[in-house]
Amino acid sequence: MSSLVGDLMNRLRGRLTCAETLELLQQYLDGELSAEEARQVARHLDSCTMCETESEIYREIKLAISLSATETDPEVIARLEAFGERVRNGDLAE
Ligand SMILES: [Zn+2]
């Protein structure tokens, strides 16, 4: 196998899909991923606007939760989730 094909295979193997990234996102933000997994997620977020936006939403949700540790405002969560839904549906075209 030529090194060119080998490189391509590595890149394909190392590249996360959006679904995989979103699955790992929570753990990524919690710092629970291995260094290698975290690097893969970070690389995907760098190249994918949708997942990057999603990670921002997660961050805001986590912040909202930490700000009201005993009582999470369901309206804030609902608003952020609705925003995430719009992003997924492509309503926020750039
Ligand atoms: Zn993505």
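Kindly list the residues of the range 33-70 that lie in the label zone of Thr17, defined by a backbone N under 17 Å from the point 7 Å along the Cα-to-C-beta vector. What the label zone holds, given the 17 Å backbone N cut-off, is 41, 44-45, 48, 50-51. Just to confirm a number: summing +1 for Lys and Arg and -1 for Asp and Glu over residues other than Gly84 whose beta-carbon lies under 13 angstrom from that of Gly84, what do you get? Neighbourhood net charge equals -3. For the range 22-76, the gyration tensor built on C-alpha atoms gives an oblate shape. Its axis ratio a/c (a ≥ b ≥ c) is at least 1.5, and a/b is not larger than b/c.
No value in this document is a laboratory result; all are computed from the given coordinates. Just so it is clear, the model here is predicted, and its values are computed rather than measured. Glycine also receives a Cβ, built like all others from the backbone with ideal geometry; neighbour counts cover every protein chain displayed.
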